[in-house]
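Right, one structure below, let's go through it.
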Amino acid sequence: MGKTAVALRLAERIGGEIVSADAFQVYRGMDIATAKPSPEELARVPHHLIDILDPGEEYSAARFRELALPLLEEIRDRGKIPIVVGGSGMYIRVLVDGIFSSPPADRSLRQRLREEEARLGPGYLHGRLGREDPVSAERIHPRNLKRIVRALEVLELTGTPISRLQREWGFPPPVGSEPPFRMIGLRRERADLYRRIDRRAEEMFKRGLLAETERLLEAGWLEAGPARLALGCREAAGCLRGEYEEEEAVRRLSAATRRFARRQMTWWRAERRIEWIDLLPDSSPEETAVRIVNLLE
RNA sequence: GGGGAGAUACCGAAGUGGCCAAACGGGGCAGACUGUAAAUCUGCUGGCUAUGCCUUCGGAGGUUCGAAUCCUCCUCUCCCCA
């Protein structure tokens, strides 16, 4: 979409600092795969929550909120305007609307639950959830193991059904009060967007995605860590393992990125608080930034 | 020139007389989303005046109550021999 460049111009114009709401730009050593701002860009305006973790460390929407909230305050105290930039719908939503407090992921518990499912047959865990937290079971599709496991995990760890915790938090929050923020969305025509995605996938490999991934691989970050899930890393890793050629990896990356972009659009379409800016193929980051400034006035 | 294999929906690929508008995968479209979210999951995907009808399985004929499936010819692709 071109968020990075636009955010940079916007920050320069209104005296802002950029807070990345990205689940993967937090990791060091994943520059190409996550399309991080370049060193020059990073130097032009203060950026936050980029390169703060090693690719094996846990990060999550809730953790993002914990880190971002105080940052936003600091930036305001400095007389600057925080500009939160990201594609992750859930991260933004959790930042803006909050999240019920609950224990973080418990790997071994999750693994145990998954083993039970494997042993006792598909549908077992959902059935159990149906008995212990019917409200959640109703909401979570029987095949969505990941979310079933999380619901059971919270239940075991807290003794309270996740659905109750969620309700008590009251998410989304009551309407009425004017939110202390504006939500701006950038939008492009599908064909334009897909062209850019295709080009970007190619670019990533040209810039050395394979070498970058190789380093992650050697450091052991791709075994089980979060980095393994990053677009670009996945495809590059498959290529390094010899599963397919680079050309195929580019194709896969494009397709995966298009799918990802669509999921994002689905998410944001439902977000009523967004003010949309439609971009043309030749819209420059400068003029887009100006349009946002005008919108904000 | 001779021999063999094949042509299926957007792509790949099953199907080899009725249960086939055609499995499955990819792609595409739409949706869900409360601590891995660049994740995970769901639905749809020939057309229509739609509990039915119409057009589709390289093309044209034919056999049959009935064909993507059998026969004939044609076109194209691939492989082997010359």
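Of the trypsin sites (Lys or Arg not before Pro) found in region A:1-107, those in coil by DSSP whose Cβ has at most 16 other Cβ atoms within 10 Å are A:R28, A:R78, A:K80. Surface composition of chain A: carbon plus sulfur atoms contribute 52% of the solvent-accessible area (1.4 Å probe, protein chains only, all chains present). Calculate, for A:L71 and A:A255, the FRET efficiency according to 1/(1 + (r/R0)^6) with r their C-beta to C-beta distance and R0 35 Å; round to the nearest 0.05. Efficiency at R0 = 35 Å is approximately 0.50.
Annotation note: GluC sites (Glu not before Pro) in region A:227-271 located in DSSP loop regions with a Cβ neighbour count of at most 10 within 10 Å are A:E245. Near A:V154, once Lys and Arg are set to +1 and Asp and Glu to -1 for all other residues with Cβ below 14 Å from its Cβ, the sum equals +2. Each Lys and Arg adds +1 at its Cβ and each Asp and Glu adds -1 at its Cβ; summed about the Cα centre, chain A shows a dipole of about 960 debye. Accessible area per residue was computed with a 1.4 Å probe on protein heavy atoms; A:W276 scores about 90 Å². Evaluated on region A:168-297, the Kirkwood hydrodynamic radius is 17.6 Å, with distances taken between all distinct Cα atoms. Looking at chain A, the accessible area is 56 square angstrom per residue; that uses a 1.4 Å probe and ignores ligands, DNA and RNA. Using a Gaussian network model of chain A with C-alpha springs under 10 Å, which one of A:L145, A:L231, A:L53 is most mobile by mean-square fluctuation? Checking each option, the largest mean-square fluctuation is seen for A:L145. Using DSSP to define loop residues, name the GluC sites (Glu not before Pro) in region A:48-120 whose beta-carbon has at most 14 other beta-carbon atoms within 10 Å. Those satisfying the criteria are A:E58. Listed by chain and number, the lysines whose C-alpha is less than 20 Å from the C-alpha of A:K206, apart from same-chain residues fewer than 8 away, are A:K36. Charging the Cβ of each Asp and Glu at -1 and of each Lys and Arg at +1, and nothing else, the dipole of region A:142-297 about its Cα centre rounds to 720 debye. Distance from the alpha carbon centroid of region A:40-83 to that of region A:94-108 works out to 18 angstrom.
With the charge dipole of region A:76-138 set up from +1 on Lys and Arg Cβ and -1 on Asp and Glu Cβ about the Cα centre, the Cα lying farthest toward the positive end among the listed residues A:G130, A:L120, A:P82 is that of A:P82.
The values are calculated or read from the model by the stated rules, or taken from the named source; none is laboratory data. Just so it is clear, the model here is predicted, and its values are computed rather than measured. Counting neighbours? That spans all protein chains shown, and the Cβs are built from the backbone with ideal geometry, glycine included. The protein model used for the area step is the full one, side chains on, heavy atoms only, and it has no ligands, DNA or RNA in it. Shrake-Rupley method; radii C 1.70, N 1.55, O 1.52, S 1.80 Å.
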